[in-house]
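To keep things clear, I will list the structure first and then write my remarks on it.
The values are calculated or read from the model by the stated rules, or taken from the named source; none is laboratory data. Because the structure is a prediction, the values reported are computed rather than measured. Glycine also receives a Cβ, built like all others from the backbone with ideal geometry; neighbour counts cover every protein chain displayed. Quick note on the areas: whole protein, heavy atoms, side chains included, nothing else; ligands and nucleic acids left out. Shrake-Rupley method; radii C 1.70, N 1.55, O 1.52, S 1.80 Å.
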Amino acid sequence: MLRRLILGAVLCLAGGAHAKPPAGGVFCATYPSAPTCTGQQPACTYCHVAPPQRNAYGAQLEPHLAPGVPRPLSDSDYAAALPAALRAIEALDADGDGVTNLVELQRGTLPADATSFPQDPGGGCVAGQNPQYDVCRYDARFAYRRLLLDFCGQSPTYAQLQDFQTLGTEERLARLDAELERCTQSEFWRGKDGQVWRLAHPKIRPVGSIKSGENAGPIPLADYDDDYALYAYAQLDDHDARDVMTAKYFVRRQSDPTRYVQATSLPSQRVDEAHRAGNLTSAWSLVTFVMFTALPRNAASQSYRAYLGLDIAKQEGLFSIPGEPRDYDAKGVKAEACAACHATLDPLSYPFRNYQGLVLGAGSNTSASYVTNRLERYFSTVSPTITQTPEAGYLFGQPVNTLREWAELGANSDAFAIAAVRDYWKLLVGHAPTAEENAEFVATWKRFKDTHQYRVQRMLHDLIRTEAYGAP
Ligand SMILES: [Ca+2]
Ligand SMILES: [Ca+2]
């Protein structure tokens, strides 16, 4: 584990050169309603196999990009020429799947992948904007069966199904809502190792051998049960899902039946209240993601991936900051192959600079706490410039002074709402939203954010009404 984390600290692309940093932003300014631009930007793979090698769509675009101007284009020449080049190939079909590039990007399918195309390009039974009324193939009996399995862990009995059959259309929908409320109280849904916990596994990445507290491992370092408890609390009842990133409180789990209760302090947690940012600053996150590193890039990239759904290693969510990376810790990240990711990742990591991971040896133990001047006090020999590392950094290209600001900006973003709803979509529908499901998916996460104010419980009532969930 230690080896994996340290090796993962620097991200460089095998291919050498990289896609133009402004590409995603200009693309989305040209096509603001494209599904790939709702709250995010297209990954480099939209136009590239691996930068600089272009896929079929990128290759079709290239000759229309400032023809006659010597290569390589500057970023500003490139950005100025891109909209016209994009429009020039709208009516073409780069991947030969029979659907034009423009229709593909409007419908959220991939213009360079012939296996990705709208199933129903000509209208027909297309999901509407309001998931409450997407009923063209919706089968309430199917949804009822599915709901009891997904939320209660049980198939409906014969008697339950018979009873459901006798209900009218409106009564059936009301029954679904009532059963959702009942089943989300079940241990199957909210208990330890239940459905909600499953969603947290890739965010928390538990390792039993270094767990402390209940069921401690042989080298007890931190207790991830606290992380599961905060995650579950933020997802359940009428709580605000954003608290998983922003809470200044902790959560204690009680058993029989499972309850999650706020706590202002826990013996297993050490970050002072002013510097807490939910699970980003839990003892488990700091011990396992910061560990022994001076500049906690892993903690930043893991938080970005886990809660905002953006994986820098897959070139997602790149917002290059001019002048970055500065390479304060002398890791060689200014090399061109690394700078493509590190111009985003390093400024994303600076706000973590005072969060201590693991400290070994005698003396006062500051592990998993906020330590003012941490780099100066513990890491001054890492490189000549390490102490110049600022605490202020950038998220989504916007400046943030502290990790708390980072967390607030992240939690309020479209990316957070998209990632949160996508988790449930995958759990309940069974896969990430497909191109055909995109309209329902977008409507669901927008309502989660704007109408439901980040209450998962309310969003689930929308999700079980989608055709993606309720059409056999
Ligand atoms: Ca096509
Ligand atoms: Ca396609």
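Shown in residue order for the stretch 269-275 are the 3J(HN,Hα) couplings computed by the Karplus curve 6.51 cos²θ - 1.76 cosθ + 1.60 at θ = phi - 60°: 10, 10, 6, 5, 4, 5, 10 Hz (x for Gly and Pro).
Taken about its Cα centre, the stretch 23-107 carries a charge dipole of about 120 debye when Lys and Arg each add +1 at the Cβ and Asp and Glu each add -1 at the Cβ. Computed over protein heavy atoms with a 1.4 Å probe, the carbon and sulfur contribution to the accessible area of the chain reaches 53%.
Computed from label points 7 Å out along Cα-Cβ, the spacing between ARG198 and ASP311 is 1.9 nm.
Here the 3J(HN,Hα) profile of the stretch 215-222, calculated from phi with Karplus coefficients 6.51, -1.76 and 1.60 at θ = phi - 60°, is 6, 5, x, x, 10, x, 10, 6 Hz, Gly and Pro shown as x.
Per-residue SASA remark: TRP189, around 0 Å² accessible (1.4 Å probe; ligands, DNA and RNA not included). From helices alone, the chain scores -11000 deg cm²/dmol at 222 nm; the rule is -39500 (n - 2.57) for each run of n ≥ 4 DSSP H residues, then divide by the residue total.
Using a cutoff of 8 angstrom between alpha carbon atoms and counting only pairs six or more residues apart, the relative contact order for the chain works out to 18 percent. Normalised per residue, the accessible area of the chain is 43 Å², obtained with a 1.4 Å probe and no contribution from ligands, DNA or RNA. When each of the peptides 385-393, 436-444 is scored by how many other beta carbons lie within 10 Å of its residues on average, the order from highest to lowest is 436-444, 385-393.
Each label was represented as a point 7 Å from its Cα along the Cα-to-Cβ direction; for LEU92 and VAL49 these points are 1.8 nm apart. Look at the Cα gyration tensor of the chain: its axes a ≥ b ≥ c give a/c of at least 1.5 with a/b at or below b/c, and that counts as oblate. Would you check the accessible area of PHE27, probe 1.4 Å, heavy atoms only, in square angstrom rounded to 10? Spelled out: PHE27, probe radius 1.4 Å, area about 10 Å². Each peptide among 316-325, 424-433, 257-266, 460-469 gets the average number of other Cβ atoms lying within 10 Å of its residues, and from highest to lowest they stand as 460-469, 316-325, 424-433, 257-266. Take SER186: with every protein chain present and a 1.4 Å probe, its accessible area is about 20 Å². For the peptides 93-106, 333-346, the ranking by packing is 333-346, 93-106, with the highest mean count of neighbouring Cβ atoms within 10 Å listed first. Subtracting the Cα-Cα distance of VAL10 and HIS64 from 0.36 nm times their residue separation leaves 15.9 nm of extension gain. In this calculation the C-beta distance from GLN160 to VAL261 is compared with R0 = 51 Å, giving a FRET efficiency of 0.95.
For ALA222, nonlocal amide neighbours, meaning residues 5 or more places apart or on other chains whose placed amide H falls under 5 Å from its own, are SER212.
Near ARG54, the amide H atoms lying under 5 Å from its own belong to VAL49; only residues 5 or more places off or on other chains count, and H is placed 1.01 Å from N. For the chain, the dipole from Cβ point charges (+1 on Lys and Arg, -1 on Asp and Glu) about the Cα centre works out to 1120 debye, to the nearest 20. A simple spin-label model places pseudo-atoms 7 Å from Cα toward Cβ; at ASN412 and GLN398 they are separated by 0.6 nm.
The mean of 1/r over all pairs of different alpha-carbon atoms in the stretch 214-263, once inverted, gives a Kirkwood hydrodynamic radius of 11.7 Å.
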